[in-house]
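Visitor: Dumping the structure here so I can ask a few things about it.
The values are calculated or read from the model by the stated rules, or taken from the named source; none is laboratory data. Being a predicted model, the structure only gives us computed values, none of them experimental. We place every Cβ from the backbone using ideal geometry, glycine too, and count neighbours over all the protein chains shown. Accessible surface areas use protein heavy atoms only, side chains included; no ligands, DNA or RNA. Shrake-Rupley method; radii C 1.70, N 1.55, O 1.52, S 1.80 Å.
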Amino acid sequence: MSSVLERLSTAVIAGDAENSVKLVHRALDKGMDPKDILDNGLVPGMDEVGIRFRRGDMFVPEVLMSADTMSAGLDILRPLLAAAGTQLIGTVVLGTVKGDLHDIGKNLVGMMAEGAGFEVIDIGFNVPPERFIDAIKEHQPNIIGMSAMLTTTMRAMGHTIRAIEEAGLRDKVKIIVGGAPVDAEFATRITADGYGSNAPSAVELCKSLASAS
Amino acid sequence: MAPAFSAAQTPLRCRRLNDTQCERLFAGILEILERTGVLLYEQTAIDLLKKAGASVVDGNRVRIPPRLVENALKTVPKEVTLYNRHGDPVMPVSGYKSFFGTGSDCLYVLDHRTGERRPAKLQDIKEGMTVADALDNVSFVMCMFMPWDIGERMIDRYAMATMLKTTTKPITYVTTDFSSVPDVLRMAELVVGGPRALEEKPIASCYVNVTTGLVHNEEALQKLLYLSGRGLPYAYVPSTQGGMTAPVTPIAAMALVLAGALTGLALSQINNPGSPFILPGWGGSMLDMRTTVMPYSDPDKRMLVADFAHWLGLPMFALAGASDAKTVDQQAGIEAALTLTTDIMVGGNIVHDMGYLDSGLTGSLAQLVICDETLGWLKHLVQPVEINDETLPLDLIDEIGPGGHYVDSEHTYAHFRERWYPSLFERDNYAGWEAAGAQTLGERAASRVQQILDTHQPEPLPDDVSQGIDAIIRQAEEHLSDAD
């Protein structure tokens, strides 16, 4: 691997956005392929961040700095990737379910997913099933992510999945859930495709679901 | 009747914040309300505040001038009394008196029979209330569990019915939305003898969940307006997570909680001057930045809001006896003991969440009885110390002399039961402990729970009252299914 890309990964891990922008430009000036810069420079940096977070060596604010750093680099590459017809990793629609106003967790997932290279469409909070369905039709995402913070609103996740089934769209998307009262057992019971116990895990889950689809 | 704990008369009462700090904090909170304001998602509340002089922009961004809070502090009662089923004033809440109770809505129960963590059912509420009814140091109840075997729109009514039927102690109910409040109150009215009886001697108070300090959801405001209108007691509790919905420093996170609480206070007194209002007694919570869990027993926030509530002179709804541990292990014991001790020392008033594990997601009856035992220990700690001729019998000491013994003296016979004796902790010698089964505290606690369930007979409601409560449930079920 070229040292420019290694240093780019390091900049992402360190949360050094200024340096990551410089290194992306340098890599482009060297004639490197934008997809190569993304896959072998930016993404490995975020992968390492995920590993360190799971180990307890990095904390959420540090992960967010790294996500911002990745986004700064990705912003330069995005138009070039689009022009070449290259897809980003995937599209994720995120929403907090009906009756619930809590959105910080969802926002965290969105920031990190963007940092990981996803296109993120955030449809907000207090989202009834119909609006999730509209979002699937409009954006054709790979993944729907639902968030709830309240024990009393988490059941809306099950209702939303049923509604998506009834609309004949269930096989078009993977559905993941998360939030303080949610766990893997609940996710299985409501027939979601996965559960993220925190934002970085949710993004890891999105990556594995997107690459499988 | 469970007696109050009060550290007030002892040197043990302590503070973390001094008066100067409280003044500065208060000034900061008033600045947040006037300068940054709150988002209110209920039109009547917005209109009331606007009419009283608050500024409203963008429809629901409300900036509250300090005088609305200052006026409210003049009219709000400094005491609130909660009553049991028989109309006895068992919880005269004021000053530094502490009353302890359970928490609500745990999704899981750590089953004392099997050690299994499983989704909670309605039967778990019934068992939890039976145990709470039996324990001497539990003064009030909350429902403990959120039952998965009940349709979500009926949960609040079934929980209230079960609490009213199973214990005579005062009840703090939650309710997800506003629509179940009238029904749960009608049930309470049946028990105490009507709406006027409920208002004069409230057995039930509401715990109102507010989204965050500066974001007030519609249901919270609806409940505040309805309950303050009737003069019924409730705690208005915004939640903030330091590092997420508030700055990460405990003081800032608690300032936002209090800004939200004082918004509610101002509104309550505009709506009905002199109506009771219970402040939150904790705040300054954090988000754990490694696990993204909001811990219950972190030390940084301990005692701060309760201190400030005393400085304002208002009753508060506090939190202790809860643990982030996943089982009834050493961490659970330590965290319950530390939080109960600090709340007694700061004089937290209505202290809930005993028996909570897993940061509020799992409830444990074994943990609850351990909290009860711990409170017994603490009660003795904060007893006033008397030095008099009985406690320091100099004549007796001289009579018995340097080499004599006291074990068969009348004085010992008269006073030995005054020392604390554990009923759950053990202090046998090693051989005795082994012979009794070599049990851990967790094992003894589980046995104690089963013993209570096997032997404790809560006082039943009169048949007509019980049937009346059932009728309210039936009507609600019919009405809700018609609406589908």
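Visitor: Looking only at Cα atoms, what is the convex hull volume of the stretch B:402-453 per residue, in Å³?
Guide: Output value, Cα hull per residue: 135 Å³.
Visitor: Next up: State log₁₀ I(q)/I(0) for the stretch A:90-212 at q = 0.21 Å⁻¹ as given by the Debye formula over alpha-carbon point scatterers of equal weight, solvent excluded.
Guide: Evaluating at q = 0.21 Å⁻¹ gives log10 I(q)/I(0) of -1.18.
Visitor: Answer rounded, prolate or oblate for the stretch B:326-437, using the Cα gyration tensor with square roots of eigenvalues a ≥ b ≥ c: rounded when a/c is under 1.5, else prolate when a/b is larger than b/c, else oblate.
Guide: Values: a/c = 3.94, a/b = 1.79, b/c = 2.20.
Here the stretch B:326-437 falls in the oblate category.
Visitor: Among the aspartates and glutamates, which fall within straight-line cross-link reach of B:LYS223, defined as a Cα-Cα distance under 18 Å, with same-chain neighbours fewer than 8 residues apart omitted?
Guide: Cross-link targets: A:ASP100, B:GLU42, B:ASP47, B:ASP156, B:ASP177, B:ASP183, B:GLU189, B:GLU199.
Visitor: When the Karplus curve 6.51 cos²θ - 1.76 cosθ + 1.60 is applied with θ = phi - 60°, which whole-Hz ³J(HN,Hα) does each residue of the stretch B:405-418 get, with x for Gly and Pro?
Guide: Per residue, the Karplus-derived 3J(HN,Hα) values read 10, 10, 4, 9, 7, 4, 4, 4, 4, 6, 10, 5, 6, 6 Hz.
Visitor: Hey, got the dipole for the stretch A:3-83? About the Cα centre, +1 on K and R Cβ, -1 on D and E Cβ, debye to the nearest 20?
Guide: 40 debye
Visitor: Now for a separate question. Arrange the peptides B:385-392, A:48-55, B:319-326, B:285-292 so that the one whose residues have, on average, the most other Cβ atoms within 10 Å appears first. Numbers along the way, then the final one.
Guide: Details: B:385-392: 8.8, A:48-55: 17.6, B:319-326: 25.8, B:285-292: 19.2.
Packing proxy ranking, top to bottom: B:319-326, B:285-292, A:48-55, B:385-392.
Visitor: When the gyration tensor of the protein assembly as shown is built from Cα positions, what are the square roots of 5 times its three eigenvalues, in whole Å, from largest to smallest?
Guide: Taking √(5λ) for each Cα gyration eigenvalue gives 48, 30, 27 Å.
Visitor: Right, something else. Would you mind computing Rg(Cα) / (2.2 N^0.38 Å) for the stretch B:167-322, counting N as its residues?
Guide: That ratio works out to 1.07.
Visitor: Further, regarding this structure: Dipole size in debye (nearest 20) for chain A around its Cα centre, Lys and Arg Cβ +1, Asp and Glu Cβ -1? Don't skip to the end; give the middle numbers.
Guide: On the way: 20 positive and 28 negative charges, 56 e Å.
It works out to roughly 260 debye.
Visitor: Based on alpha-carbon centroids, what's the gap between the stretch B:284-332 and the stretch B:105-164 in Å, whole number please?
Guide: The stretch B:284-332 and the stretch B:105-164 have Cα centres spaced 22 Å from each other.
Visitor: Then there's this: Enumerate the whole-percent occupancy of each 10 Å bin, from 0 to the last occupied one, for all C-alpha pair distances of the stretch B:154-214.
Guide: 22, 55, 19, 4
Visitor: Mind jotting down a quarter of the surface of the convex hull over the alpha carbons of the stretch A:3-83, in square nanometres, one decimal? Could the numbers behind the result be given before it?
Guide: Working: hull surface 18.9 nm².
Averaged projected area of the stretch A:3-83's Cα convex hull equals 4.7 nm².
Visitor: Ok, one more. Indicate the helices, whole DSSP H runs only, in chain B that combine a mean Kyte-Doolittle hydropathy of 0.0 or more with a Cα extent along their long axis of 20 angstrom or more. Walk me through the numbers on the way to the answer.
Guide: Values: long enough: B:250-271 (31 Å, 1.55); B:330-346 (24 Å, 0.68); B:365-381 (24 Å, 0.73); B:441-455 (21 Å, -0.33); B:463-482 (28 Å, -0.63).
Counting only whole DSSP H runs, the qualifying helices are B:250-271, B:330-346, B:365-381.
Visitor: May I ask you to work out the translational diffusion coefficient for the stretch B:238-374 at 25 °C, viscosity 0.890 mPa s, via Stokes-Einstein with Rh from the Kirkwood sum over Cα pairs, reported in whole µm²/s?
Guide: Taking Rh from Cα pairs, D becomes 160 µm²/s.
Visitor: Residue by residue through the stretch A:171-182, which ³J(HN,Hα) values in whole Hz follow from phi under the Karplus form 6.51 cos²θ - 1.76 cosθ + 1.60 (θ = phi - 60°), with glycine and proline marked x?
Guide: So the Karplus estimates, Gly and Pro as x, are 7, 8, 9, 9, 10, 10, 10, x, x, 3, x, 8 Hz.
Visitor: Just the projected area, averaged over all directions, of the convex hull on the alpha carbon atoms of the stretch B:88-240: how many nm²?
Guide: 9.9 nm²
Visitor: Order B:TRP311, B:TRP282, B:TRP377, most accessible first, counting only protein heavy atoms with a 1.4 angstrom probe.
Guide: Solvent-accessible surface, decreasing: B:TRP377, B:TRP311, B:TRP282.
Visitor: Still on this model: Only helical DSSP H runs with n ≥ 4 go in: add -39500 (n - 2.57) per run for chain B, normalise by residue count and round the 222 nm mean residue ellipticity to 500 deg cm²/dmol.
Guide: -13500 deg cm²/dmol
Visitor: How big is the charge dipole of the stretch A:90-212 about its Cα centre, in debye rounded to the nearest 20, if each Lys and Arg gets +1 on its Cβ and each Asp and Glu gets -1 on its Cβ?
Guide: The calculated dipole for the stretch A:90-212 is roughly 180 debye.
Visitor: Amide H neighbours of B:SER239 under 5 Å, at least 5 residues apart or on other chains, H built in the peptide plane: list them.
Guide: Amide H to amide H, under 5 Å and 5 or more residues apart or across chains, B:SER239 pairs with B:VAL210, B:THR212, B:GLY213.
Visitor: Give me the percent of Cα-Cα pairs in chain A that sit more than 31 Å apart, rounded to a whole number.
Guide: More than 31 Å apart: 22 percent of the Cα pairs in chain A.
Visitor: Net charge near B:LEU12, counting Lys/Arg +1 and Asp/Glu -1 over other residues with Cβ under 13 Å of its Cβ? Working shown, then result.
Guide: Values: positive: B:ARG13, B:ARG15, B:LYS379; negative: B:ASP343.
Taking every Cβ under 13 Å from that of B:LEU12, the sum is +2.
Visitor: Under the Kirkwood approximation for Rh and a Cα-based Rg, what ratio Rg/Rh is obtained for the stretch B:1-147?
Guide: Answer for the stretch B:1-147: 1.09.
Visitor: May I have the pair-distance distribution P(r) for the stretch B:186-265, computed from all Cα-Cα distances with 10 Å bins from 0 and rounded to whole percent?
Guide: Final binned percentages: 19, 39, 24, 13, 4.
Visitor: Right, something else. Would you please calculate the Kirkwood hydrodynamic radius of chain B over all C-alpha pairs and express it in Å, rounded to one decimal?
Guide: 23.6 Å
Visitor: Translational diffusion coefficient, Stokes-Einstein: compute it for the stretch A:142-212 using the Kirkwood radius over C-alpha pairs as Rh, at 20 °C and 1.002 mPa s, and state it as an integer in µm² s⁻¹.
Guide: For the chosen part, D equals 177 µm²/s.
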